[in-house]
């Protein structure tokens, strides 16, 4: 079950970074984000899964597709999608992944037994007690970002 | 452990895209992939250690990603107005 999800996730992520048509990339990214929501439900994080669906698949994908439609002319010839640094980048990424695999193998992680009791109620409690200040700061950040986006994207 | 490996590969793919793409929107999408790889790690650790902090960090990262996407797309629209294209290699005014 989880391996089917993983296969879909990795294939669609690969398509996202390699397809030539930018709109197809966006669709592949949407599939990857949906699959990640599936992972979150599988990992007992239903609230995060729902937020992934609402914010990523719902809002950010729409923003990206709008940006593509506003900046790409339909009749455009498709230029080569990648720059001249494919081989060096590939090398860098492979080295990075090898280091990561080594780190994961050394990791001595003991899974705790049992399940979280009612993660959604716990999240609400934590967000309004321990994490109250970050919670308020992030709402301020969102407000500033949205006002900033309007100002930057305004004409003239 | 498997999920850590999955998220590592996902991050690698996103890194590869961010390094090699020329289209600014494609670079933004690669960055979203990397952010999601990190989120997957956080949720996995939250599940393994039975600790809600991981999920809370994930929620904060999702909010920051939404802000980042909004600003990034505004900048890309400006780039398009300025250069008539969103090829990042053409936006080289500051390059010596």
>> Please compute the alpha carbon radius of gyration of region A:31-76, then divide it by the globular-protein estimate 2.2 N^0.38 Å. Two decimals is fine.
In response: 1.47
> Hey, got the average number of other protein chain Cβ atoms within 10 angstrom for residues in B:42-54?
Replying inline: 6
>> Apply the a/c threshold of 1.5 to the C-alpha gyration tensor of region A:115-156 and tell me whether it is rounded, prolate or oblate.
In response: prolate
> With all pairs of different alpha carbon atoms counted, what Kirkwood hydrodynamic radius in Å does region B:2-83 show?
Replying inline: 13.7
> How would you order B:40-46, A:117-123 from highest to lowest mean count of nearby Cβ atoms within 10 Å?
Replying inline: B:40-46, A:117-123
> Given a cut-off of under 8 Å on Cα pairs at least six residues apart, what relative contact order in percent is computed for region A:1-72?
Replying inline: 28
>> Among A:92-101, A:33-42, how do they line up by average Cβ neighbours within 10 Å per residue, starting with the highest?
In response: A:33-42, A:92-101
>> Which residues among region A:127-155 fall inside the zone where the amide N is under 19 Å from a point 7 Å beyond the Cα of residue A:50, along Cα→Cβ?
In response: A:127-129
> Per residue of A:42-53, how many C-beta atoms from partner chains lie within 10 Å of its own C-beta, taken as a mean?
Replying inline: 5
>> Suppose a student asked you for the relative contact order of region B:2-83, using Cα pairs under 8 Å spaced at least 6 residues apart; what percent would you report?
In response: 27
>> If you take each beta carbon of peptide A:5-17 and count the beta carbons of other chains within 10 angstrom, what is the mean?
In response: 5
> Mind checking Rg over Rh on the protein assembly as shown, alpha carbons, Kirkwood formula for Rh?
Replying inline: 0.99
> Among B:80-89, B:47-56, how do they line up from the highest to the lowest mean number of other beta-carbon atoms within 10 Å?
Replying inline: B:47-56, B:80-89
>> Calculate the FRET efficiency for residue A:59 and residue A:94 from the Cβ-Cβ distance with a Förster distance of 25 Å, rounded to the nearest 0.05.
In response: 0.15
> Considering the alpha-carbon set of region A:55-156 alone, what are its Rg and its Dmax in angstrom?
Replying inline: 22.1, 59
> What would the Debye formula give as log10 I(q)/I(0) at q = 0.21, 0.25 Å⁻¹ for the alpha-carbon point model of region A:1-72, no solvent?
Replying inline: -0.88, -1.08
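Computed from the coordinates by the stated procedures, all read-outs in this text should not be read as laboratory data. Small disclaimer: the values here were computed from a predicted structure and weren't measured. Using ideal geometry, Cβ is built from the backbone for each residue, glycine included, and neighbour counts are taken over all protein chains shown.
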